[in-house]
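**Q** Right, I'll just put the structure down here and ask away after.
The values are calculated or read from the model by the stated rules, or taken from the named source; none is laboratory data. Keep in mind that this is a model prediction, so the values were computed, not measured. Ideal geometry is used to build each Cβ from the backbone, glycine not excepted, and the neighbour counts take in all protein chains shown.
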């Protein structure tokens with residue numbers, strides 16, 4: 001237990017005090033996670049940062065256990081996964097926690113990103129905080145893709161073949177990059193080995209970037225639903241116990257839903273064809289990535305030219321890096337932007353439609369009274385995605401008239417309660 005004497009905490013436990021005098025880790029925790037002043041008006045969207053951190057730890061823990069029993073060999077990989085499911089004590093549970101956990105990890109991160117978009121958490125002085133978050137998203141995508149290859153089922157093999165082949169569209173060096181990724185002239189044992197090594201390594205790099213993300217967060221503090229900076233002590237509360245309890249409640253609800261999927265519907269988010277061993281001579285009818293990559297896969301397929309499709313897919317993520325400079329509005333939160341907030345929801349719907357298009361054949365049609373080819377729908381949604389960031393956001397920020405901001409967080413909270 002610690003008591004405050006000035007700015008320096010004093011620990012009653014002699015062991016903790018001895019350690020902290022030589023390595024002040026407990027002082028850091030006390031300052032950043034106990035007495036840290038936090039805006040008093042957080043809503044439950046702010047839970048998802050903590051939820052994503054817990055899911056990252058869970059993914060690393062289950063991944064280490066799985067790696068102890070997995071064989072990164074093209075002849076043994078599929079059977080080693082089946083052995084984990086059948087013969088390793090509680091192996092089925094560890095694998096389902098890891099497999100389903102990837103989907104829930106992405107779900108938490110996507111909600112976290114939506115919160116940042118809606119409340120303007122990317123605006124000054126938090127630009128670097130946002131950029132580090134986008135780096136984490138890219139590392140997650142790379143890790144998830146490589147992990148999807150490891151079971152060495154049909155979808156794993158052909159997904160790896162299709163996605164790595166995209167780099168062949170790069171002029172001059174494309175074919176060399178593909179050969180380097182494969183470790184040969186086809187997706188085979190060297191590919192599986194290097195994907196396993198990178199899949200094991202990248203989560204620890206994610207942890208390092210998350211640490212930088214948290215440090216950057218604590219420099220200027222968290223944003224809040226009003227998008228205004230705290231004006232004094234009346235606008236803030238200590239992080240503990242107020243938000244540790246709130247995060248704990250949100251995390252509990254999230255984990256209950258996660259457990260329902262793990263125990264009752266673990267394969268509902270995957271592809272059944274991936275339970276068939278990889279066969280280079282038989283191509284699946286549809287090659288579909290995991291749901292969290294489907295919108296970007298739809299953008300890729302919506303453009304007929306291979307190189308332009310690859311550029312559009314990577315460009316859709318690259319736009320997020322420059323988002324702080326694309327938004328020209330003088331206020332942060334969409335709470336005070338009566339027009340733009342509806343376009344944020346339109347962007348979410350647009351991404352959901354892109355995900356639907358990515359999950360189905362381009363030759364299929366969307367039936368809404370009249371049948372519209374999904375390829376046409378995907379192209380329209382891709383066009384809106386780039387329109388939203390490149391044209392709508394800069395122009396609307398200059399012409400939209402925001403609502404008046406409250407004088408302080410405390411005034412807004414007390415007025416709401418009244």
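**Q** Looking at the range 393-418, which of the residues that are part of a helix (DSSP H, G or I) and touching a helix residue (DSSP H, G or I) at 6+ places or on another chain (Cβ under 6 Å) is farthest from residue 315 (Cα to Cα)? Quick ask: steps written out before the conclusion?
**A** Step one: filter the range 393-418 for residues part of a helix (DSSP H, G or I), giving 393-399, 409-417.
Then keep just the ones that are touching a helix residue (DSSP H, G or I) at 6+ places or on another chain (Cβ under 6 Å); that gives 393-394, 396, 409-410.
Values: 393: 16, 394: 17, 396: 22, 409: 37, 410: 41 Å.
Of everything passing the filter in the range 393-418, 410 is farthest from residue 315 (Cα to Cα).
**Q** Right, something else. Give the residues of the range 72-102 that are under 16 Å from residue 146 (Cβ atoms) and not in a loop (DSSP other than H, G, I, E, B), sorted by residue number.
**A** Within the range 72-102, 77, 81, 98, 99, 101, 102 meet the criteria.
**Q** Here is a further query. Quick one: in the range 362-392, which of the residues that are surrounded by 13 or more Cβ atoms within 10 Å (Cβ to Cβ) and in a loop (DSSP other than H, G, I, E, B) is nearest to the chain's Cα centre (by Cα)?
**A** Top of the filtered list is 362.
**Q** Scan 151, 171 and give me the residue that is in contact with a helix residue (DSSP H, G or I) (Cβ under 9 Å, 6 or more places away or on another chain), more than 30 Å from residue 311 (Cβ to Cβ) and not in a helix (DSSP H, G or I).
**A** On the way: 171 fails: more than 30 Å from residue 311 (Cβ to Cβ).
Residue meeting the stated conditions: 151.
**Q** Check whether at least one residue in the range 211-228 is assigned to a helix (DSSP H, G or I), over 20 Å from residue 104 (Cα atoms) and in contact with a strand residue (DSSP E or B) (Cβ under 8 Å, 6 or more places away or on another chain), and report yes or no.
**A** No, because not a single residue in the range 211-228 is assigned to a helix (DSSP H, G or I), over 20 Å from residue 104 (Cα atoms) and in contact with a strand residue (DSSP E or B) (Cβ under 8 Å, 6 or more places away or on another chain).
**Q** Can you name every residue in the range 103-131 that is buried (at least 19 other Cβ atoms within 10 Å of the Cβ) and part of a loop (DSSP other than H, G, I, E, B)?
**A** If the condition is that a residue be buried (at least 19 other Cβ atoms within 10 Å of the Cβ) and part of a loop (DSSP other than H, G, I, E, B), then 120, 121, 122, 123, 126 are the ones that fit.
**Q** Another question, then. Return the residue satisfying two criteria in turn: it lies in the range 65-90 and is closer than 20 Å to residue 258 by Cα and free of Cβ contacts under 8 Å to residues at least 24 places away in the same chain, and of such residues it is surrounded by the most Cβ atoms within 10 Å (Cβ to Cβ). Spell out the reasoning first.
**A** Residues of the range 65-90 that are closer than 20 Å to residue 258 by Cα, as a first pass: 65-66, 85, 90.
Filter once more, so that each one left must be free of Cβ contacts under 8 Å to residues at least 24 places away in the same chain: 85, 90.
Details: 85: 14, 90: 10.
Filtering the range 65-90 for residues that are closer than 20 Å to residue 258 by Cα and free of Cβ contacts under 8 Å to residues at least 24 places away in the same chain, the one surrounded by the most Cβ atoms within 10 Å (Cβ to Cβ) comes out as 85.
**Q** Taking into account only those residues within the range 251-262 that are under 17 Å from residue 95 (Cβ atoms) and in contact (Cβ under 8 Å) with a residue 60 or more places away in the chain, which is nearest to the chain's Cα centre (by Cα)?
**A** 258
**Q** Any idea which residue in the range 179-196 is farthest from residue 54 (Cα to Cα), counting only those that are in a helix (DSSP H, G or I) and touching a residue at least 24 places away in the same chain (Cβ under 8 Å)? Even if it seems obvious, please write down each step before you answer.
**A** Start the filter on the range 179-196 by keeping residues that are in a helix (DSSP H, G or I), which leaves 179-182, 189-196.
Retained after the next criterion (residues that are touching a residue at least 24 places away in the same chain (Cβ under 8 Å)): 189, 191-193, 195-196.
Numbers: 189: 33, 191: 30, 192: 28, 193: 28, 195: 24, 196: 23 Å.
That would be 189.
**Q** Let me ask something else about it. Do the conditions hold for residue 281, that is, is it touching a residue at least 40 places away in the same chain (Cβ under 8 Å) and either surrounded by 13 or more Cβ atoms within 10 Å (Cβ to Cβ) or not in a helix (DSSP H, G or I) (or both)? Before you say what the answer is, go through the steps one by one.
**A** Numbers: touching a residue at least 40 places away in the same chain (Cβ under 8 Å): no; either surrounded by 13 or more Cβ atoms within 10 Å (Cβ to Cβ) or not in a helix (DSSP H, G or I) (or both): yes.
Spelling it out, it is not the case that residue 281 is touching a residue at least 40 places away in the same chain (Cβ under 8 Å) and either surrounded by 13 or more Cβ atoms within 10 Å (Cβ to Cβ) or not in a helix (DSSP H, G or I) (or both).
**Q** Hey, could you check the range 155-166 for residues that are surrounded by fewer than 21 Cβ atoms within 10 Å (Cβ to Cβ) and in contact (Cβ under 8 Å) with a residue 40 or more places away in the chain and say which is farthest from residue 281 (Cα to Cα)? Let's see the steps before the verdict.
**A** Residues of the range 155-166 surrounded by fewer than 21 Cβ atoms within 10 Å (Cβ to Cβ): 161-166.
When the remaining residues are screened for being in contact (Cβ under 8 Å) with a residue 40 or more places away in the chain, the result is 162-163, 166.
On the way: 162: 14, 163: 18, 166: 20 Å.
Filtering the range 155-166 for residues that are surrounded by fewer than 21 Cβ atoms within 10 Å (Cβ to Cβ) and in contact (Cβ under 8 Å) with a residue 40 or more places away in the chain, the one farthest from residue 281 (Cα to Cα) comes out as 166.
**Q** Can you name every residue in the range 20-66 that is assigned to a helix (DSSP H, G or I), in contact with a helix residue (DSSP H, G or I) (Cβ under 8 Å, 6 or more places away or on another chain) and at pLDDT below 95?
**A** At the first step, the residues of the range 20-66 found to be assigned to a helix (DSSP H, G or I) are 20-22, 25-33, 44-66.
Okay, now just the ones that are also in contact with a helix residue (DSSP H, G or I) (Cβ under 8 Å, 6 or more places away or on another chain), so 20, 25-27, 32-33, 44-56, 58-60, 62-63, 65-66.
Within the range 20-66, 20, 25, 26, 27, 32, 33 meet the criteria.
**Q** For residue 379, which of the numbered conditions (1) within 26 Å of residue 111 (Cα to Cα); (2) without any contact (Cβ under 8 Å) to a residue 60 or more places away in the chain; (3) touching a helix residue (DSSP H, G or I) at 6+ places or on another chain (Cβ under 6 Å) fails to hold?
**A** (2)
**Q** Pick from the range 216-247 the residues that are exposed (fewer than 13 other Cβ atoms within 10 Å of the Cβ) and touching a helix residue (DSSP H, G or I) at 6+ places or on another chain (Cβ under 9 Å): which of them is modelled with the lowest pLDDT?
**A** Going through the range 216-247, the residues exposed (fewer than 13 other Cβ atoms within 10 Å of the Cβ) turn out to be 219, 232-233, 241, 245.
Subsequent filtering for residues that are touching a helix residue (DSSP H, G or I) at 6+ places or on another chain (Cβ under 9 Å) retains 219, 232.
Working: 219: 93, 232: 88.
My answer is 232.
**Q** Every residue in the range 320-361 that is in a loop (DSSP other than H, G, I, E, B) and either at positive phi or crowded, with 16+ Cβ neighbours inside 10 Å (or both), please.
**A** Of everything in the range 320-361, those that are in a loop (DSSP other than H, G, I, E, B) and either at positive phi or crowded, with 16+ Cβ neighbours inside 10 Å (or both) turn out to be 327, 329, 331, 332, 333, 337, 360.
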